[in-house]
Amino acid sequence: MEGSGEEFMKYRSPLVSRYASKEMAFNFSDMKKFTTWRRLWLYLAKAEKELGLPITDAQVSEMESHLEDIDFIMAADEERKLRHDVMAHVHTFAHCCPTAAPIIHLGATSCYVGDNTVRPKYYRSDHAA
């Protein structure tokens, strides 16, 4: 059947399909959300390193090199097992950053990524060009 692509197997919002620009739709995408989480974990690690925690340049570099290569299938599998979206993505990021695994999300709560992803998202949407 024509037009039976994968996009028809998921919830779609008419607000997005009718009214949102490509850029606005991306602001609310999973890719934007989870790359933001990874950037937040990177910023956290850099700040903790600066404060004297035993975090190496190699760990930081490893995180920097894997900010955008997200295995969404692995993350979904982890979330089914753990029933926790943040920890699922911690494990998924740790899988591609084994050296940095012990410091990803170190000392943070789930609110660290959740709250700091939602607020900038709405700020970006209010000020989109």
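Here are the numbers for the structure shown:
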| read-out | value |
| --- | --- |
| Filtered residues of the range 28-48 (kept if over 12 Å from residue 104 (Cα atoms) and in a helix (DSSP H, G or I)) | 30, 31, 32, 33, 34, 35, 36, 47 |
| Matching residues, the range 60-76, being within 17 Å of residue 102 (Cα to Cα) and either open to solvent by less than 20 Å² (accessible area, probe 1.4 Å) or not in a helix (DSSP H, G or I) (or both) | 60, 63, 65, 66, 67 |
| Qualifying positions in the range 97-114 - part of a helix (DSSP H, G or I) and surrounded by fewer than 18 Cβ atoms within 10 Å (Cβ to Cβ) | 101, 102, 110, 111, 112, 114 |
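The values are calculated or read from the model by the stated rules, or taken from the named source; none is laboratory data. Model, not experiment: these values are computed from the prediction. Counting neighbours? That spans all protein chains shown, and the Cβs are built from the backbone with ideal geometry, glycine included. Just the protein is used for accessible areas: all its heavy atoms, side chains included, with ligands, DNA and RNA removed. Shrake-Rupley method; radii C 1.70, N 1.55, O 1.52, S 1.80 Å.
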